[in-house]
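Only one structure is covered here, and it is reproduced in the block below.
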Amino acid sequence: MFRQVIYAFALVSLMLSAHATWVPDMACADLLDYEHRQLASSQRINLCQAYAGDVILVVNTASQCGFTGQFAGLEELYEKYKSQGFVVLGFPSDDFNQEHDEEQQTAEVCQLNYGVSFPMFATSSVKGEGANALFKSLATQTSAPRWNFNKYLISRDGSTVTHFGSMSKPMGGKLEKAVASAIEQDR
């Protein structure tokens, strides 16, 4: 019995330390039933376990693109709403030939140049047959990215996905209003 209590405590501690909002009884939306490796790391994150119950903004990023400056706005959006159950998930991709070859260089651009603290994942494809599973699913529900910095807003229950193109700025426009609305609507 004591061993079971210690195991349960360790599991809860691990979930809390990983910013997990997952509850074992909560059904995971098929959209989030996916695992991906963190940027410049060997650690793999199950999106359902880590982010189920959050309002999620998924973004395909590139560190050598004209839209790379949007990292600053995405970080500002994340910081403003993260305490309300909101998370930004960044997925670097070289599908448009504007990403570094080395993941460590990508991580440095994100963290050192833009102060990104939201979760960033390993470089992967986000369009076509080679797209990672999450982006394949997003494409079937809305549309595939046509360039870097496409944004997909996912409701807390995973049932609603709204697509915003590269030109949608993170702060002060339709995207931020949609994030605030999704947070309020899903409370």
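FYI, it's all coordinate maths here, none of it is from the lab. Values in this document were obtained by computation on a predicted structure and should not be read as measured data. A quick note on method: Cβ atoms are made from the backbone with ideal geometry, for glycine too, and the neighbour counts reach across all protein chains shown.
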Residue by residue through segment 90-95, what is 3J(HN,Hα) from phi via Karplus (6.51 cos²θ - 1.76 cosθ + 1.60, θ = phi - 60°)? Round to whole Hz and write x for glycine and proline.
x, 10, x, 8, 9, 4
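Using 0.36 nm per residue, how much length does the chain from Gln64 to Gln84 gain when fully extended, once their Cα-Cα distance is taken away? Walk me through the numbers on the way to the answer.
Details: separation 20, 0.36 × 20 = 7.20 nm, distance 3.12 nm.
The Gln64-Gln84 span can extend by a further 4.1 nm.
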Taking amide H atoms as placed 1.01 Å from N in the peptide plane, list the residues 5 or more away in sequence, or in a different chain, whose amide H sits under 5 Å from that of Arg37.
Ile45, Ala122
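Where does each of 40-50, 154-164 land if you order them by average Cβ count within 10 Å, highest first?
Packing proxy ranking, top to bottom: 154-164, 40-50.
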Determine the sum of side-chain charges near Tyr114: Lys and Arg each +1, Asp and Glu each -1, restricted to other residues whose C-beta is under 13 angstrom from that of Tyr114.
-4
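Note down the net charge around Arg37, summing +1 for each Lys or Arg and -1 for each Asp or Glu among other residues with Cβ under 14 Å from its Cβ. Let's see the in-between values first.
Details: positive: Arg44; negative: Glu35, Glu103.
Once all neighbours under 14 Å are counted, the net charge is -1.
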Can you compute the radius of gyration and Dmax for segment 25-185, using only the Cα atoms, both in Å?
14.3, 43
What lysines could a cross-link reach from Lys177, if we take a straight Cα to Cα line under 20 Å and drop same-chain neighbours fewer than 8 places away?
Lys80, Lys82, Lys151, Lys169
